[in-house]
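> Before I ask anything, here is the structure I am working with.
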Amino acid sequence: MSQQPDRRRNVAEAIFADEIGLQFGVYGEFRLWSAYQPIFTPEGKALRAVAVEGLIEPRRVADPIAPPMFFDGVPASDRLFVETMCRMLHLGNYRNIGVEGLTLFFNYNPNVNDHLGRALAEIRLMTRHLGDFELEPGLLVCEITEQAADDRVLASLVREMRRDGIRIAIDDFGTGHSTEARIDLLAPDVVKIDGAWFGELCRHAAAERFFRPLVAMLHERGAKVLVEGIESAQHLRVALEGGVDLLQGFHLARPALAGTIFNEEPLSIDALLDAGDKIVPLHQHR
């Protein structure tokens, strides 16, 4: 990447607002924009949006860039700067969704900050400024990407967020890093089933039979279960048969940039199950 930022800058100095008040971040030649993907819960024969996940759409000039390509190109020395900027953008643009009361899921990677004290201070600073974003801690769910992270660090971060009223989700369950012992240690409010892992599971004829006990195990530990990567009617069917609490994916709704009109209409489960074709995303968000 060219035109690297001055790392001495405060993150707030890299965030700007456009003519209608939408916030975006500047990192070298890139502009970072918030997008929000709805998260649904089953209610009878419908799915109702109850939350959104904050995702980033990077752009070079006006052209969207695949988020993995962008984030993989951020040097280690800048990752904390960029991750913090992304989180602040999602918090700052939340009011531009246009719907009140939706829970906001946001990502937090504990590995970008190699000092526990600084990580805890960063969390406290974020919580103190939530009022500036018209947000209550109870509306937030922090998705912890806990791959290869130390148990002591994770437990300390979770304890700090819970003290402030933020709920906790473990991300990417099924990829091999999350274990029952980790679930017991962190006692997450939500466990997110990894979409790629779930998609592979759904290729098996007995997917529902294998998936249902996993959901039951997580429920027994007090966690709600969210399946991401719902990209086909088959994925939706397996998830619903398994008794999951929350669903997210391109078959249900794509991420939409902040400021886009939010569709609050419930989705018909029967119509989604009848629409069997997989929806291929135009471009992935992070």
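> Taking the condition in a helix (DSSP H, G or I), among the charged types (D, E, K, R) and farther than 18 Å from Glu13 by Cα, does Arg95 pass?
Working: in a helix (DSSP H, G or I): yes; among the charged types (D, E, K, R): yes; farther than 18 Å from Glu13 by Cα: yes.
Judged against the criteria, Arg95 is a match.
> Which condition breaks for Arg7 when tested against (1) part of a loop (DSSP other than H, G, I, E, B); (2) modelled with pLDDT of 95 or more; (3) among the basic types (Lys, Arg)?
Of the numbered conditions (1) part of a loop (DSSP other than H, G, I, E, B); (2) modelled with pLDDT of 95 or more; (3) among the basic types (Lys, Arg), the odd one out for Arg7 is (2).
> Please find, among Glu83, Glu53, the residue that is of a type outside the set (A, V, I, L, M, F, W, C), in contact (Cβ under 8 Å) with a residue 24 or more places away in the chain, assigned to a helix (DSSP H, G or I) and on the phi < 0 side of the Ramachandran plot. Steps first, please.
On the way: Glu53 fails: assigned to a helix (DSSP H, G or I).
Result: Glu83 is the single residue among Glu83, Glu53 that is of a type outside the set (A, V, I, L, M, F, W, C), in contact (Cβ under 8 Å) with a residue 24 or more places away in the chain, assigned to a helix (DSSP H, G or I) and on the phi < 0 side of the Ramachandran plot.
> Here is a further query. Open to solvent by 30 Å² or more (accessible area, probe 1.4 Å), in contact with a strand residue (DSSP E or B) (Cβ under 7 Å, 6 or more places away or on another chain) and modelled with pLDDT of 95 or more: which single residue out of Gln23, Gln37 fits that description?
Just one listed residue meets the conditions, Gln23.
> Only one of these is open to solvent by 70 Å² or more (accessible area, probe 1.4 Å), on the phi > 0 side of the Ramachandran plot and out of contact with any helix residue (DSSP H, G or I) (no Cβ under 8 Å at 6 or more places or on another chain): Gly28, Gly44. Name it.
On the way: Gly28 fails: open to solvent by 70 Å² or more (accessible area, probe 1.4 Å).
Answer to the selection: Gly44.
> Here's a follow-up. So which strands (runs of 3 or more DSSP E) are wholly in region 118-206 and hold at least 1 residues that are open to solvent by 20 Å² or more (accessible area, probe 1.4 Å)?
Working: elements: 140-144, 167-173, 190-193.
Strands (runs of 3 or more DSSP E) meeting the threshold: 167-173.
> If you go through region 152-163 one residue at a time, do you hit one that is modelled with pLDDT under 95 and in contact with a Ser or Thr (Cβ under 6 Å, 6 or more places away or on another chain)?
No, there is no match, as no residue in region 152-163 is modelled with pLDDT under 95 and in contact with a Ser or Thr (Cβ under 6 Å, 6 or more places away or on another chain).
> Let me ask something else about it. Take Ala51 and tell me if it is open to solvent by less than 10 Å² (accessible area, probe 1.4 Å), touching a Leu at 6+ places or on another chain (Cβ under 7 Å) and either farther than 16 Å from Leu102 by Cα or not acidic (Asp, Glu) (or both).
Yes; evaluated as a whole, the condition is true for this residue.
> Of everything in region 62-96 that's of a type in the set (Asp, Glu) and within 23 Å of Ala121 (Cβ to Cβ), which residue is farthest from the chain's Cα centre (by Cα)? Step through it out loud before you land on a result.
The first filter runs over region 62-96 and keeps only residues of a type in the set (Asp, Glu), leaving 63, 72, 78, 83.
In the following step, the residues that additionally are within 23 Å of Ala121 (Cβ to Cβ) were identified as 78, 83.
Working: Asp78: 21, Glu83: 13 Å.
Restricting to residues being of a type in the set (Asp, Glu) and within 23 Å of Ala121 (Cβ to Cβ), the top hit is Asp78.
> Say we look at region 238-280 and pick out the residues that are modelled with pLDDT under 95 and farther than 30 Å from Arg95 by Cβ; which of these is nearest to the chain's Cα centre (by Cα)?
Val280
> Same structure again: Among the candidates Phe106, Phe81, which residue alone is open to solvent by 20 Å² or more (accessible area, probe 1.4 Å), at pLDDT 90 or above and among the aromatic types (Phe, Trp, Tyr)?
Values: Phe106 fails: open to solvent by 20 Å² or more (accessible area, probe 1.4 Å).
So the residue among Phe106, Phe81 that is open to solvent by 20 Å² or more (accessible area, probe 1.4 Å), at pLDDT 90 or above and among the aromatic types (Phe, Trp, Tyr) is Phe81.
So that you can scan it fast, the table gives a plain yes or no per residue for (1) under 22 Å from Ile168 (Cβ atoms); (2) at pLDDT below 95; (3) of a type in the set (Phe, Trp, Tyr); (4) part of a helix (DSSP H, G or I):
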position: Val215; (1), (2), (3), (4): yes, no, no, yes
position: Gly222; (1), (2), (3), (4): yes, no, no, no
position: Leu226; (1), (2), (3), (4): yes, no, no, no
position: Leu236; (1), (2), (3), (4): no, no, no, yes
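> Same structure again: Can you find a residue in region 41-51 that is within 16 Å of the chain's Cα centre (by Cα) and under 23 Å from Glu122 (Cβ atoms)?
Within region 41-51, none of the residues are within 16 Å of the chain's Cα centre (by Cα) and under 23 Å from Glu122 (Cβ atoms).
The values are calculated or read from the model by the stated rules, or taken from the named source; none is laboratory data. All values derive from a computational prediction rather than experimental measurement. Because the Cβ atoms are built from the backbone with ideal geometry, glycine has one as well, and the counts that use them run over all protein chains shown. Heads up: the accessible areas ignore ligands, DNA and RNA and are worked out on the full protein's heavy atoms, side chains in. Shrake-Rupley method; radii C 1.70, N 1.55, O 1.52, S 1.80 Å.
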